[in-house]
Amino acid sequence: MAEDKEKKQDTRQALTRRDFLIRSNAGAVAIGVMSGTSFASTLVAEPQAGSTLAAPVKARRVTLDIDGTKEEVNVDVRESLWETMNYQMGLSNCNLGCDRAQCGACTIVVDGRAVNSCTVLSARYGRGQKILTVAGITSGPGLQGLHPLQRAFWFEGGFQCGICTRGFIMAAYPLLQSNKNPSTQEIKEALAGNICRCGEYSKILNAVKTAAAELRGEKVTYTAPWITDESNRPATAVAAANSISKQFQFVTALGTIEQFDDLSLELKQKPGIVDVSGTERTITPVWDPARLDEAAVRRILAEAGHPVRP
Ligand code: FES
Ligand code: FES
């Protein structure tokens with residue numbers, strides 16, 4: 001009996017935890033190949049000395065298509081899409097709340113469906129999927145360039161601290177893409193995975209309804225519309241009528257949108273720059289063609305420490 005027990009223990013010890021992980025990864029790769037799964041490139045660690053088995057796959061090289069821009073990036077196979085976007089790509093287009101698929105703060109849209117970016121793996125998102133964040137739904141610079149949902153959340157006051165707002169907007173986005181006249185119940189269902197700890201639900205609901213009305217082509221009025229005072233417009237803004245604007249992409253994305261605000265303030269001090277808008281990844285300066293040309297604008301951006309792509 002004692003001998004049998006000893007034998008059993010020997011057999012168990014023969015399969016170490018490391019061997020198990022190695023074999024399960026080898027199996028996962030084989031399944032991927034058999035099912036036709038293909039990644040832009042797969043990095044496999046070198047086998048350990050003296051081992052005939054391949055070491056576990058630890059990283060993959062994928063091409064992520066985020067807000068219409070494709071970027072190659074090496075990702076750890078355990079890395080969430082939120083982590084890759086924020087820590088590797090320097091994007092801060094969605095917030096992190098619970099990090100466990102419970103609050104919806106990190107919601108983005110992948111191929112038309114709302115998903116929690118904290119809970120999906122980047123290694124699976126390099127096969128042509130279109131990833132959309134709140135920064136990618138604008139149509140241009142300034143207030144007019146905002147998506148109706150963004151405008152409505154702002155002017156209907158559909159936020160308090162704002163942590164949940166990007167997630168709510170991106171959860172509502174796919175709904176309004178397919179249904180421009182959703183019922184209250186349909187909106188509630190679309191937003192069911194999102195939590196607002198500030199309790200702004202009724203205003204959030206109003207914001208989605210207002211955005212839907214605008215998308216249907218109706219003239220909408222907001223609870224707290226933007227107030228413009230033409231007489232107080234700075235001289236530079238008046239010059240904007242004849243000005244030129246162009247969107248550029250930063251060589252290196254900014255860390256936060258607050259960094260963009262600082263850059264924007266600095267650029268607006270430069271002679272010939274009329275206005276600046278953009279995101280962490282793009283910038284749209286408006287300039288006076290009598291004083292600057294595109295090359296000069298590029299030079300100003302480079303001198304400010306933020307060169308843009310050709
Ligand atoms: S942070 Fe992703 S669901 Fe809460
Ligand atoms: S506005 Fe604060 S959590 Fe929603």
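Read the figures in this text as sums done on the coordinates, not as results from a lab. In this text the structure is predicted, and so the values were computed from the model without any measurement. With ideal geometry, Cβ positions are generated from the backbone for all residues, glycine too; neighbour counts draw on all protein chains shown.
The phi torsions of the stretch 271-279, fed into the Karplus equation with coefficients 6.51, -1.76 and 1.60 and a -60° offset, translate into couplings of x, x, 8, 8, 7, 9, 9, x, 9 Hz, rounded to whole numbers, with Gly and Pro shown as x. Dipole of the stretch 50-202 computed with +1 at Lys/Arg Cβ and -1 at Asp/Glu Cβ about the Cα centre; of Ile163, Ser117, His147, farthest Cα towards the positive end is Ser117.
Legend: residue pairs Lys188/Lys209; Lys58/Lys130; Lys130/Lys203, Cα-Cα distance threshold 18 Å; pairs beyond threshold, Lys58/Lys130; Lys130/Lys203. Extending 7 Å from the Cα toward the beta-carbon at both Gln249 and Arg61 defines two label points whose distance is 1.8 nm. The protection proxy used here, the mean number of other Cβ atoms lying within 10 Å of each residue, ranks peptides 134-142, 279-287, 265-273 as follows, highest first: 279-287, 134-142, 265-273.
Taking amide H as placed 1.01 Å from N in the peptide plane, the amide H of Ala55 sits under 5 Å from that of Gln48, each at least 5 places away or on another chain. Taking amide H as placed 1.01 Å from N in the peptide plane, Glu79 has its amide H under 5 Å from the amide H of Ser122, Ala123, each at least 5 places away in sequence or on another chain.
What spacing in nm lies between the two simple spin-label points modelled at Ala54 and Asp293, each 7 Å away from Cα in the Cβ direction? Calculated label separation equals 5.4 nm.
Compute, for the stretch 137-215, the length of the dipole vector about the Cα centre, with Cβ point charges of +1 (Lys, Arg) and -1 (Asp, Glu) only. Units Debye, rounded to 20.
For the stretch 137-215, the charge dipole is close to 80 debye.
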